[in-house]
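Participant: Dropping the structure in here first, questions after.
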Amino acid sequence: MIRVMLLTVQASVAATSIAGGLVMAVGSWPGVDKSALPPGLQLPEEYLEGSPFSTYLVPGLLLAIIVGGSHTLAFVLLLRRRGLASVAAATAGYSILVWIFVQMALIPFSALQAVYFGAGLAEVGLLLLLLGVASPEPAGDVPGSLGPLGPVGDRKAAVGSPHERQKHSA
């Protein structure tokens, strides 16, 4: 179930990042009539003031390629259960968080920023649950129970988890 939830968030962020990035980039090309775009897709030019960009071309390409591409790769790797799926998922989750941090520093707050920040947090949290690093179970006093940050007591840690590595390094 956690895997399906993570795949859903990754697919949603991938699709909307690629679509949004392409709209930003295409709308910035010379000769494109911006009035042909629906009003909801026209980005205010004043958002670029104080940023290193004069058009939305570079930010659009970065959004589509870096954020959308990393989420697409993470989705495919997790769907196919490949070995690098967790690294790709972490990279994708943090890419959207960094994107939103930078965006909030440069442009006024938008509700979409909160939505995508939440999506990034959800991705990282779901990945931690999937890896067995975190647990949805409350910590118990009984040895072998799961705590909020993973196994407590005699319960075996997930293979490759920080808990298992810590046990072997001691």
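Participant: Evaluate E = 1/(1 + (r/R0)^6) for Arg80 and Glu45, where r is the Cβ-Cβ distance and R0 equals 41 Å; express this FRET efficiency to the nearest 0.05.
Facilitator: The computed FRET efficiency comes out at 0.45.
Participant: Another question, if that's okay. Each residue of region 101-115 in order: what ³J(HN,Hα) in whole Hz does its phi give by Karplus 6.51 cos²θ - 1.76 cosθ + 1.60, θ = phi - 60°, with x for Gly and Pro?
Facilitator: 4, 5, 4, 5, 6, 9, 10, x, 4, 9, 4, 4, 4, 5, 5
Participant: Once phi is turned into θ = phi - 60°, what whole-Hz ³J(HN,Hα) does the Karplus curve with 6.51, -1.76 and 1.60 give for every residue of region 69-86, x standing for Gly and Pro?
Facilitator: So the J values, rounded to whole Hz, are x, 5, 6, 5, 4, 4, 4, 5, 5, 5, 4, 8, 6, 7, x, 8, 4, 5.
Participant: Quick check on region 1-114: take the gyration tensor over C-alpha atoms, sort the square-rooted eigenvalues as a ≥ b ≥ c, and tell me if it's rounded (a/c under 1.5), prolate or oblate.
Facilitator: Here region 1-114 falls in the prolate category.
Participant: Give me the distance in nm between label points sitting 7 Å out from Cα along the Cα-to-Cβ direction at Val115 and Ser12, one decimal.
Facilitator: 0.9 nm
Participant: With θ taken as phi - 60° and the coefficients 6.51, -1.76 and 1.60, list the Karplus ³J(HN,Hα) couplings across region 11-18 in order, rounded to whole Hz; mark glycine and proline as x.
Facilitator: Going residue by residue, I get 5, 5, 5, 4, 4, 6, 5, 5 Hz, with x marking Gly and Pro.
Participant: For a protection proxy built on the mean count of beta-carbon atoms within 10 angstrom, sort 121-129, 71-79, 1-9, 48-56 highest first, please. Display every interim value, and only then the final one.
Facilitator: Numbers: 121-129: 19.3, 71-79: 21.2, 1-9: 15.4, 48-56: 13.2.
In decreasing order of mean packing, 121-129, 71-79, 1-9, 48-56 become 71-79, 121-129, 1-9, 48-56.
Rule-based calculations on the coordinates, nothing more; no lab input. Not measured: the values here are computed from a predicted model. All Cβ positions, even for glycine, are placed from backbone atoms using ideal geometry, and neighbour counts span all protein chains on display.
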